[in-house]
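Just below is one structure, and these are the notes that go with it.
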Amino acid sequence: MGSQILLYVLIALLIDTIRAADHLKYGSPRKYTTNNTSPEHTTEYWNEKAQDILKQKLVQVQSPITNNAKNIIMFLGDGMSVHTVTATRNFMGDSATQVSFEKFPYFGLSKTYCVDSQVADSACSATAYLGGVKGNYGTIGVNANVPRFDCMAGLNVGNWVESIAQWAQNAGMDTGLVTTARVTHASPAGVYAHTAQRGWENDAEILKSDCSPKVNVDIARQLVEWPVGRKLKVIMGGGRSNFRNVTVNDEDGIAGQRYDGRDLIEYWIQDKRSQNVKANYVWNRKGLNSLNLNNTDYLLGLFSSSHCPFHGDLKRNNISTLVPSLSEMTESALKVLSKKNNGFFLFVEGARIDMAHHETKARKSLEDTEEFAKAVDLTRKMFSEEDTLIIVTSDHSHTMTISGYPYRDEDITGLAADQADDDLPYTILSYANGPGFDNTYDKKGRKRITPEETIDPNFQYLATVPLASETHGGDDVGVFASGPFAHYFSGTYEQSNIPAIIAKAANIGAFKSAAGHIK
């Protein structure tokens, strides 16, 4: 008996010795604190949670909203992959958390490929989810008969694709767009533009492609001169430089990029005066907040020379008093568009989610996703589900993944619980490619990453393949829907099906019931 006890003691000492050696080798990871009083430790908690979900689903199936949608609000989280949404839950506090739009009753997946590319960009995808037609990579508002950079093919009106905004305008609805990118960038341009090259945001860019800016009208001009753009009641985002000549500085002292001498902001102002409508141009948050939105018919807000800042940088860089957040712009747009009783279509893009991913700055991407979700939440609370359809989706994914078996209470922007086989730590979030490669490897092999580094919002997360800019991913993206005909967004379908379902819900465009296409 005594020898058995001695044996057990020796085994216990051996185990402790092995654990101590492991801790010396790998470091002591933060342990998940077990809370035995937590309801999650009981079977009843999970059973009751499942019962609640079943009850909700039963109500949704039995009582789908099938009256026409008076208002349509489309939220586009640029580059907001399923992984991004999942990571944002933890970033907001816990994996069990739901971002606002995950509470929507219906969810589906859209297939994002272009006609000529397995992995989409924001141009061909915008043509799909706004126009219902898939085109070629880098082209906007045109079908696949238009190759990218083709100076002449994009001029053929027969190749142009009408957007859901045009359908809404034809039905007498007001329309608008909000973005944290340049308002001439690929995603918002899908609302109103037709072009063979997404980069033709001003005339100088057309010249660089050896095309004629007199024949090919740049995207900024299309926004203020062509019918769909001219009728937009709200335009808010960044991109002042594309509207002014190189000889003219904007309100922040930054020179424009145009070569043709045009001041398209002044053109917009004069055009609205000629229509005798109440129009306002603002360039900072103070100007936006000072407006009487009840007395504003048209609103142009350009809050940066290029893209608007990352959301987290508004506070970090002490510029939150200068540039409005996405949720602030969205709320202002909704107040302008909802004054009349004819209904409206609003496109809202959280563009910087994507741009942070391209830089492999995962923390900044999650900050912008959280702000994007805030904008969705305030919008859903402003309007009734009975007459307002809200769709939340993405144009494409990114290569960021979540790995490493982190403990439940670990910060997802930090390091994995254990070290790798090379005795070095690694981040929970990582990318398949991108500039984060320089933080991953040097000539000796993999670099050592410290927890302090990952706290820096500009830290570039680990990447396997060296690229100056991380690429998009080709996987399907989520579609979250709430309101009339939201149940149609369940399942997996082509990204180009989205505007058809929207048109059915609002009874507008080529897919309305009266046309006989959808019964």
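All other residues with a Cβ under 14 Å from the Cβ of Leu322 taken together, and with Lys, Arg as +1 and Asp, Glu as -1, what is their net charge? Don't skip to the answer; put the middle values down first.
Working: positive: Arg240, Arg285, Lys286, Lys315, Arg316; negative: Asp250, Glu251, Asp252, Asp313, Glu328.
Net charge around Leu322: 0.
Quick one: of Lys233/Lys340; Lys111/Lys512; Lys70/Lys278; Lys233/Lys512; Lys278/Lys335; Lys381/Lys504, which pairs are farther than 18 Å apart, Cα to Cα?
From Lys233/Lys340; Lys111/Lys512; Lys70/Lys278; Lys233/Lys512; Lys278/Lys335; Lys381/Lys504, over 18 Å: Lys111/Lys512; Lys70/Lys278; Lys233/Lys512; Lys381/Lys504.
Obtain the nm distance between the two label points defined at Lys208 and Asp409 by a simple spin-label model: each point lies 7 Å from its Cα along the Cα-to-C-beta direction.
5.1 nm
Taking the Cα centre of the chain as origin, sum charge times position over the Cβ atoms of Lys and Arg (+1) and Asp and Glu (-1), and report the length of that vector in debye to the nearest 20.
Numbers: 51 positive and 59 negative charges, 264 e Å.
Computed about the Cα centre, the dipole is about 1260 debye.
On the accessible surface of the chain, probed at 1.4 Å, how many percent belong to carbon and sulfur atoms?
52 percent
Which chymotrypsin sites (Phe, Trp or Tyr not before Pro) does segment 396-478 hold that lie in a coil by DSSP with at most 15 other beta carbons within 10 Å?
Tyr407
Suppose the chain between Lys103 and Phe149 were pulled fully straight at 0.36 nm per residue; how much longer would it get relative to their current alpha carbon spacing?
This chain segment gains 12.4 nm when fully extended.
Select from Gly253, Thr66, Cys308 the residue farthest towards the positive end of the dipole of the chain; place +1 on Cβ of Lys and Arg, -1 on Cβ of Asp and Glu, and compute about the Cα centre.
About the Cα centre, the residue reaching furthest to the positive side is Thr66.
Per residue, what accessible area does segment 406-466 have, given a 1.4 Å probe and all protein chains present, in Å²?
On the way: 3060 Å² over 61 residues.
So segment 406-466 comes to 50 Å² accessible per residue, rounded to a whole number.
Pull up all non-local amide H partners of Thr179: gap of 5 or more, or a different chain, and H-to-H distance under 5 Å with H placed in the peptide plane.
Sorted by chain and number, the residues that satisfy this are Met236, Gly237, Glu349.
To the nearest 0.05, what FRET efficiency results for His487 and Val82 with a Förster distance of 30 Å applied to their C-beta separation? Kindly include the intermediate steps, with their values, before the conclusion.
Values: r = 21 Å, r/R0 = 0.69.
About 0.90, to the nearest 0.05.
Could you pull out every one of the aspartates and glutamates with an alpha carbon less than 17 Å from that of Lys272, ignoring same-chain neighbours closer than 8 positions?
Hits, sequence-local ones excluded: Asp174, Glu225, Asp263, Asp297.
Please find the FRET efficiency linking Gln51 to Met92, where r is the Cβ-Cβ separation and R0 is fixed at 22 Å, and quote it to the nearest 0.05.
Step by step, r from the Cβ atoms, then E = 0.30.
For Glu494, list long-range residues whose amide hydrogen, built 1.01 Å from N in the peptide plane, is under 5 Å from its own amide hydrogen.
Excluding prolines and chain starts, which carry no amide H, the hits are Lys111.
Evaluate the charge dipole of segment 395-519 about its Cα centre and quote only its size in Debye, nearest 20, assuming +1 on the Cβ of each Lys and Arg and -1 on the Cβ of each Asp and Glu.
800 debye
Rounded to the nearest 500 deg cm²/dmol, what is the calculated helix-only ellipticity per residue at 222 nm for the chain, with -39500 (n - 2.57) per DSSP H run of length n ≥ 4?
Helices in the chain give a 222 nm mean residue ellipticity of -9500 deg cm²/dmol.
What is the magnitude of the charge dipole of segment 406-466 about its Cα centre, with +1 placed on the Cβ of each Lys and Arg, -1 on the Cβ of each Asp and Glu, and no other charges, expressed in debye to the nearest 20?
Dipole size: approximately 280 debye.
List the Cys residues of the chain that have no partner Cys with a C-beta closer than 4.7 Å.
Lone cysteines by the Cβ rule: Cys308.
How much accessible surface area, in Å² rounded to 10, belongs to the heavy atoms of Glu371 with a 1.4 Å probe?
Accessible area, nearest 10 Å²: 10 Å².
Would you mind putting 44-51, 323-330, 107-114 in packing order, based on average other-beta-carbon counts within 10 Å, highest first?
Sorting 44-51, 323-330, 107-114 by mean packing, highest first, produces 323-330, 107-114, 44-51.
Pop the C-beta distance of Thr450 and Tyr281 into the FRET formula with R0 = 56 Å and round what comes out to the nearest 0.05. Kindly include the intermediate steps, with their values, before the conclusion.
Numbers: r = 47 Å, r/R0 = 0.84.
Between Thr450 and Tyr281 the formula returns 0.75.
Given the chain reduced to its alpha-carbon atoms as identical point scatterers, what log10 I(q)/I(0) does the Debye formula return at q = 0.06 Å⁻¹?
So the normalised log intensities work out to -0.32.
The values are calculated or read from the model by the stated rules, or taken from the named source; none is laboratory data. What you see is a predicted model; the values in this text were computed from it and never measured. Don't worry about glycine lacking a Cβ; one is built from the backbone with ideal geometry, like all the others, and counts go over all protein chains shown. Note: areas computed on protein heavy atoms with side chains; ligands, DNA, RNA excluded. Shrake-Rupley method; radii C 1.70, N 1.55, O 1.52, S 1.80 Å.
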